[in-house]
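The values are calculated or read from the model by the stated rules, or taken from the named source; none is laboratory data. Please read all numbers here as calculations on a predicted model, not as lab measurements. Here the Cβ positions follow ideal geometry from the backbone for every residue, glycine too, while neighbour counts run over all protein chains shown.
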């Protein structure tokens, strides 16, 4: 499938993660409301959020990363920096996660109505096709960024971002894995459809294979 960021395929995914690679999705921690004149993107972590991110960082302190990526939102970048121990300048940006703040933007229309409902509820909305489109574009961008750093099947990547958006990327990942004939893709899609990531939660996907054949994807959830 073509996206504006290039070609996504099962072969590409396996070339990056198929030999024991690890892909982590971390949701931002608790955030302060926007102050007068402040954009949603510039909102900061609250005192509660600062406590949450320290707890998560301690649980993942032994993890190593070949690449760290994040949404452009300040709250997501701060969460990502603390968890991974990276400076902001060493964290790449997934520009697709920079959703417009226009309330008429389809993803915002659904978010206003459905809040943090699971994907299965979002997929019932008449605008759901826009969420699927987002997933394809975001996944293509993430894979392109990973490929520029490590493409031997063992990439260890952390992606910081938001509820709903992360499960959608996971769902799309499962879609392409299924297209390659791997039933585990269906399992990943089912997981993503029901996922409701809490504040600071990190979902870890660990790929396993025998030779060039994907044999499984392990799921682990780390919470504050």
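General remarks:
- Residues being free of Cβ contacts under 8 Å to residues at least 40 places away in the same chain and part of a loop (DSSP other than H, G, I, E, B) - total across the stretch 85-98: 3
- Flag set for residue 101, criterion: in contact (Cβ under 8 Å) with a residue 24 or more places away in the chain and at negative phi.
- Search result, residues across the stretch 145-182 that are farther than 26 Å from residue 45 by Cβ and in contact with a strand residue (DSSP E or B) (Cβ under 6 Å, 6 or more places away or on another chain): 146, 149, 182
- Summed over the stretch 38-67, the residues that are part of a loop (DSSP other than H, G, I, E, B) and over 19 Å from the mean Cα position of the chain (by Cα) give a count of 7.
- Given (1) under 24 Å from residue 81 (Cα atoms); (2) buried (at least 18 other Cβ atoms within 10 Å of the Cβ); (3) under 14 Å from the mean Cα position of the chain (by Cα), index of the condition residue 188 fails: (1)
- Looking only at the stretch 86-103, and only at residues there that are over 21 Å from residue 33 (Cβ atoms), touching a strand residue (DSSP E or B) at 6+ places or on another chain (Cβ under 9 Å) and modelled with pLDDT of 95 or more, the one that is surrounded by the fewest Cβ atoms within 10 Å (Cβ to Cβ): 90
- The requirement of being modelled with pLDDT under 95, surrounded by 15 or more Cβ atoms within 10 Å (Cβ to Cβ) and over 23 Å from residue 218 (Cβ atoms) is satisfied by residue 5.
- Filter result for the condition that a residue is touching a helix residue (DSSP H, G or I) at 6+ places or on another chain (Cβ under 7 Å), farther than 23 Å from residue 206 by Cβ, buried (at least 19 other Cβ atoms within 10 Å of the Cβ) and in contact (Cβ under 8 Å) with a residue 12 or more places away in the chain, over 119, 131: 131
- Where a residue in the stretch 144-155 is touching a residue at least 24 places away in the same chain (Cβ under 8 Å) and its partner, wherever it lies, is part of a helix (DSSP H, G or I), with Cβ under 6 Å and at least six apart: 146/16; 151/15; 151/16; 155/16; 155/17; 155/146
- Condition check for residue 171: more than 21 Å from residue 60 (Cα to Cα) and part of a loop (DSSP other than H, G, I, E, B): no
- Filter result (at pLDDT 95 or above and part of a loop (DSSP other than H, G, I, E, B)) within the stretch 116-149: 117, 118, 123, 124, 125, 126, 127, 148, 149
- Scoring residue 110 on the criteria (1) closer than 20 Å to residue 198 by Cβ; (2) in a helix (DSSP H, G or I); (3) out of contact with any helix residue (DSSP H, G or I) (no Cβ under 7 Å at 6 or more places or on another chain) leaves a single failure, condition (3).
- Residue 75 surrounded by 20 or more Cβ atoms within 10 Å (Cβ to Cβ) and at pLDDT 95 or above: yes
- Each residue in the stretch 11-33 was checked for being under 15 Å from residue 162 (Cβ atoms) and either assigned to a helix (DSSP H, G or I) or touching a helix residue (DSSP H, G or I) at 6+ places or on another chain (Cβ under 7 Å) (or both), and 7 of them qualify.
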